[in-house]
Structure formats: structure tokens, C-alpha cells
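Laboratory data are not the source of any read-out in this text; all were calculated from the coordinates shown. Small disclaimer: the values here were computed from a predicted structure and weren't measured. Every residue, glycine among them, receives a Cβ derived from its backbone with ideal geometry; neighbour counts consider all protein chains shown.
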Amino acid sequence: MSLPSHMKGEILRPGKACLHCKARKVKCDAVRPICTPCSRGNRAAKCEYADQEIYDLEENISRLEKRLKELEAHGQQPSCDEATAQLSSTQLKLNQSDEELPPLVRVFLVNLVISYSRQLGFAMNKDRFLATLALSPADPNYPSPALLHSVYLWGLCILNCEQFFNLERRSLEKAKLYVADALNSRDPKTRFQALQAEILLAQYFFCAGRPLEGRYHTGAASSLALSSGLQYIRGVIPPNALTPDLVGSISAFEFPPPRDAIEEGERINIFWVTYNVDRCWSVAMDRPAYLSSPITPRSPILTPWPMEFQDYASGMTPHNRRELLDFVLRRQKPDSIHPAEFSIPSLRVKASALFYSASMVVADPHRSTPMERLKGLTREMSEQSIGELLEMLPPLHHMDNLSSEDQSAYIVIRGIVLASRIQLHFVAAENSCESYAVCLLTAKCIVDIVEFIAEHTTIFFLDPIVSAVWTSAAQSLARDLSRSPHTSIPSSTAESSRADAVRMCNGLKEIIKRKPLMTYPEAGDTFGASPSLVTLYKKSTVTGKMSKRFQF
């Protein structure tokens, strides 16, 4: 099949070809939305560009700008004399006398957040949430201000345009005020949505390189979850169990029975999202977890594994035949026929549990309390669980037919599980050749993930916890590159590690090009711009500028 004449002799700039043609090494004319080779080969569904999501966002913004101008021209927008709103790719102006976002802008931001819900920790049913937005603000089922402003905040964060930074800061202040006001509400809807808002705020601060504030909001979310008994869904609540483990001053509260399976599913899923954020960031920051240890007699976690909402809607009953502790201590095999064992939300929880338990296995007994240590758990047990969980995940190069949302979820899960393995062996690697080799091999697997994202996907946003995953790989590689021939384990792998370091840095730089999520104004040292990653940049001879929003 010959190519059109206009393609002959044409050389596209690097990165312009569609991903499918690039992978097949086929000459591409980069015509949008479908290039000529993909169109002729009936491969329209596979024709994607590395900057496709940026292209789509710009198209959406252009449409919004046009529609807002039409509304202003026809006088259809209320209070146009007092406050005008114009959203474009270059400018957003809001009169200081009116801080409300225009309706179309709000819808745009909400849809943007919904499209990244898994990565942000948004655990509510998306269809129901969107349906409530169509209600009057006076309706009791309309979303709470705490939740709405947390969602708007994340929408502006994802856009990450310089002209929106002031608006983003204002949205952050409003979100914090509304959330603080909602924390002790006795209204079930307000309390539940305050928990969801706290998770969004925690994730926002972790993303922005402000981990102490992220940890504060994680603690508030954990307190809300524990005080509301969400760790006992479908379980028997121990006597006097709701109050002893609270963090802060949030009062105990009991939700009324759920109206249906979807509402119960929201409660189950929001608890486990809280667990994920709490467990993973406690390890990343080397701090105790807020949610009680699963072995604490007064506060065991009895809530069933989370499922997809279509499973709740289909009548699939959540069950807690195999509790969290059974998984961690390998006391029962998984139920091979129940979707709760293998759903993406469930696999994410198991990855978080392994990340945390690996840190407990190697914890200094003088620094950790008996409550924090998992009695009976060994490195061998954790290693077995890590291997089994990795086998449940689709291989990187077998994810072509998955949605971008599912691809992102599996990538994060795989990254956390691999980081768990490094966590398990990193200290021992100082004196063990076997553990040293495990760390380097696992770091290479994490580099493979970075390279896969850069070369085979259009992903530009992931759960902020991936900064800890990348850092774990960077620490292992940087240690190998720094090792002296006179140490107890002399390095014979420096060249391989240097090559992996170069691959990692180049992959990260390629991902950054898709959208400037890492070009936020610098504010000193941050968690994201970790010393290990900076060191890796230097040692791999690849120079780069680390900045505040380190999401990859």
C-alpha cells in the first residue's frame, strides 16, 4: 500500500506521529483526528497521539470560550454588569465582587475531575453525583459546598494554567473553610461528603508537594471514617469501639442504614480510599498510620473488599469472608469466584496493605509500637503475597484494549506493589547480595513502567503516590551508582544501573512534555522533588529541573 504523495519525503518532528504508527514503525502523516495509515487500515480506535488529552482539553476550552461569549452577548448570564466570566486558553477573569464560577466552567471542571476519579480518590458513584448537580442548589440532595469546592479545586489543578493560579488559590481557601465547617455535621450527606472532600484535599496537597498539609487532611478523613464506623460495614461492631481510636475532636456518629446497594457501595469504597491514602502516605513519609492497625482488638477492619459500582448495582453482595488481616497474614486463599477479590478497587487496597505491611516487617522495633507491628508476619510471607498480586495484574504490554482510566489504575497498583518489594529488601541489601539484586531488578521493573507510560500511552496524570514509587527506584539505582569497589557488596552493575537511570529520566521528561504539570512555580524543597531523584539526574548525566508539582 503506497502512502499519499504529500507524505513522501516528509519527516515529522519527533513525537508527532500517532502512537500506533510509532509502535509499528509505519510512516505517519499525523492527520487529526485519524491519520491516513490508521484510516486506511480500519484502525481508527487505535489512532492516538501522545498529546491527545491536551488537544481534547484545548478543544473543550475553545468551545467553552465561544459559548460564554454568546451568553454575554445575548445577556443570558445573570449579573453580567457586576461580574463577567471568560474562560480561554490565555485568560480567565472574575470580578472580585463575585467569586462564583460560571455554570459552564463548573460543569467543565467537574467533568475533568470525574475523568480522573480513580487517581484522585473520588469514591462516590459518578452517575449519581452528576445527577445531583442538575438539582437546584436549594434541594437537600444538592452536593455540599465542601465537596463542590474541593472538586473545582482539583479541576483547576489539573488544568494547571498559569492564568488560573490565583483562582486555584481562592478555591483552595474556600474548600478548606467549607470542609472545616462540615466536619462535625450530624447530617449524613454532609458528613459523608466532608469525608470525600478531605480525601480530595489530602491528595491535592500531596500532589502540590505539601505533604504535611496532606497528612493533616488524611488524619481528618481517617477520623471521620473511624468515628462513623465505616470500618465495620457488614461486620459486628465491638463494644465501645467507635470512640477510642479517634484522631482529633470529631464526634462519634452512626450512619443510618443505606437506602440501596449503591449507597452502601459508596460507603465501602470511601473507607478503602481513605485506607489507601493513609497507608501509602504513612509509608512514604515514614510516619505512623492514622487508621488503626488491623490487629488492634478494639478496632479491627471488618469492611468487605471494595467492588466496582456495576457489581453493586447487579446485586452482587459484598462479603467479608476473607478480611484484610487474612490477606496480609495469608490465612485464607482468595475467593476465586467473587469479583471483590479481583476488582481494581480491591487490588488497589491489597497493594496499599502490602506496601504498609512491608514497612512494618522491616521496622525498627525500637521505633515502632507493638500495635504498629504485625505479629507473625515475615519477610517470606510478604514476598509471597507480592509475587501473587503481581501475577493478578495484566502485563504492561497487554493493556492496549483497556481504557486510559483502567490503564492508569493498573499502572499505579503495579508500581505500589513493586515499591513494596524494594521496601522489603532495601535495608537488608546493605549486607545481602540477594536483597541487593532484588532491589535493582525491581527498580528496573519500575523504570519499565515509566518508559511504558512515555512510549505507549497518552497518560499524563497519575495518583500522586507514584512520586514515592519513582523515588524507591531512584534510591536503589542511585545507591548502586554511588557504591565504592571497597564496600561489602561491590557494584558490578553500575553500567546497567546508569542505563536504567537514563531511561527513567528520559521517560519522565517525555511525560512532562504532554502537559506542564511539573512547571509550577518553585517553592523550595518538596517531597516530590526528592533528593534521590535529583541525585539520579546528576549521576545519570541527564540534567533536568525538578519542580513543585511532581506527579510523575
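Listing for the model above:
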| read-out | value |
| --- | --- |
| Over 28 Å between alpha carbons, listed pairs LYS22/LYS513; LYS25/LYS509; LYS22/LYS126; LYS126/LYS350 | LYS22/LYS126 |
| J(HN,Hα) series, the stretch 191-197, from Karplus relation 6.51 cos²θ - 1.76 cosθ + 1.60, nearest Hz, glycine and proline x | 5, 4, 6, 5, 4, 4, 5 |
| Backbone N within the stretch 22-42 under 20 Å of label point (7 Å from ASN506 Cα along the Cβ vector) | 22-26 |
| Around ALA429: net Lys/Arg minus Asp/Glu count, Cβ-Cβ under 12 Å | 0 |
| Distance cut-off 15 Å, percentage of C-alpha pairs in the stretch 170-223 lying past it | 41 |
| Whole-Hz ³J(HN,Hα) from phi, Karplus 6.51 cos²θ - 1.76 cosθ + 1.60, for the stretch 404-420, glycine and proline x | 4, 5, 6, 4, 4, 4, 5, 5, 5, 4, 4, x, 5, 5, 5, 5, 4 |
| Rg [Å, one decimal], Dmax [Å, integer] - the stretch 381-516, C-alpha atoms | 15.3, 49 |
| Amide H contacts under 5 Å for ASP29, placed H, 5+ residues apart | THR36 |
